[in-house]
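Written out below as structure tokens is the structure these notes cover.
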Amino acid sequence: MEDCITLQGGTIIEDCQKKLAKFCRDDASYEGYDKKKVNEDNWLTKEDIQLANFMGARMGPSVIQSVVDRTKTINLALEHVPAGLELSDNGVPWVALENLFRAALGPHIRAARATKILHKKRPHLIPILDSVVVSYCQSVNRHSDRDEASMMVECVRTIKTDIERNLDTFRRLIATTNLKITAVRAHDILVWAYSGEYQNKFGIPPLWQR
């Protein structure tokens with residue numbers, strides 16, 4: 001089937017083009033977050049951080065400021081994660097990526113908020129690791145003894161396997177829909193928004209599906 005992706009464990013998500021188009025039409029995050037242009041440089045600005053709120057990060061001024069206060073450390077870590085690198089490429093700098101995650105994590109900033117901020121700086125490489133996507137990844141590979149940054153890297157490795165196995169489909173979907181998303185974001189949307197169709201296999205059905 002040309003319009004489906006197969007996840008690890010055998011789950012098949014069908015009608016992907018229709019589902020991506022519906023999500024981007026009906027969910028406000030596409031207009032407020034995905035379509036917004038962010039420079040893929042090594043300089044995280046306050047505006048970049050605030051943009052995550054359009055993806056449901058729900059960060060108040062004090063939380064945003066706490067990230068701003070750590071941008072020097074985050075920017076140094078960003079320098080070691082090349083812009084433009086795709087998750088399907090060889091040579092993903094796993095140690096540098098883990099260091100970037102570790103720099104972004106902090107008080108009130110866990111995996112979901114951290115990746116909602118960082119995805120826009122490295123949109124082809126860093127997926128959004130909200131609870132549903134993490135639940136799926138952990139259903140494939142559990143690493144309960146790891147700290148959060150290491151867990152996030154293992155989730156990215158899981159998503160890398162999915163994207164590599166379905167790379168032609170993802171490329172075709174992005175080319176034919178003309179949506180302002182990357183393969184890692186398309187994967188996130190399909191798992192997050194439509195996991196509820198598959199007998200709650202990966203966790204609690206997302207709010208968008210209820």
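None of the figures in this text is laboratory data; all of them are computed from the coordinates on show. Everything numeric in this text was worked out from a predicted model, so none of it was measured. Because the Cβ atoms are built from the backbone with ideal geometry, glycine has one as well, and the counts that use them run over all protein chains shown.
Per-residue ellipticity at 222 nm for the chain, helices alone: DSSP H runs ≥ 4 residues times -39500 (n - 2.57), over residue total, nearest 500 deg cm²/dmol?
-14500 deg cm²/dmol
Could you derive backbone 3J(HN,Hα) for region 110-123 from the dihedral phi with the Karplus parameters 6.51, -1.76 and 1.60 (θ = phi - 60°), listing whole Hz in sequence and x where the residue is Gly or Pro?
9, 4, 4, 5, 4, 7, 5, 6, 6, 4, 5, 7, 9, x
Expected output is a single nm value to one decimal: the length gained when fully extending between Ile12 and Ser131, i.e. 0.36 nm times separation in residues minus the C-alpha distance. What is it?
On the way: separation 119, 0.36 × 119 = 42.84 nm, distance 2.01 nm.
Length gained, Ile12 through Ser131: 40.8 nm.
Using θ = phi - 60° and the Karplus curve 6.51 cos²θ - 1.76 cosθ + 1.60, what whole-Hz ³J(HN,Hα) does each residue of region 42-47 get, with Gly and Pro shown as x?
Taking θ as phi minus 60°, the curve returns 10, 10, 8, 9, 4, 5 Hz for region 42-47.
I want to check the label-to-label distance for Glu86 and Asp168. Put each point 7 Å from Cα in the C-beta direction and report it in nm to one decimal.
Modelled inter-label distance: 1.5 nm.
Determine the dipole magnitude for the chain: charges of +1 sit on the beta-carbon of Lys and Arg, -1 on that of Asp and Glu, nothing else is charged, the reference point is the Cα centre, and the result goes in debye to the nearest 20.
Values: 29 positive and 27 negative charges, 92 e Å.
That gives the chain a dipole magnitude of about 440 debye.
Once you keep just the Cα pairs under 8 angstrom separated by 6 or more residues, what percentage relative contact order results for region 5-209?
Once normalised by length, the contact order is 24 percent.
Can you list, by residue number, the Cys in the chain that have no neighbouring cysteine C-beta under 4.7 Å?
Cys4, Cys16, Cys24
Tell me, in nm to one decimal, what length is gained between Ser150 and Asn178 on full extension, where the rule is 0.36 nm per residue of separation less the Cα-Cα distance?
6.7 nm
Could you tell me the distance between the Cα centroids of region 3-30 and region 33-69, to the nearest Å?
26 Å
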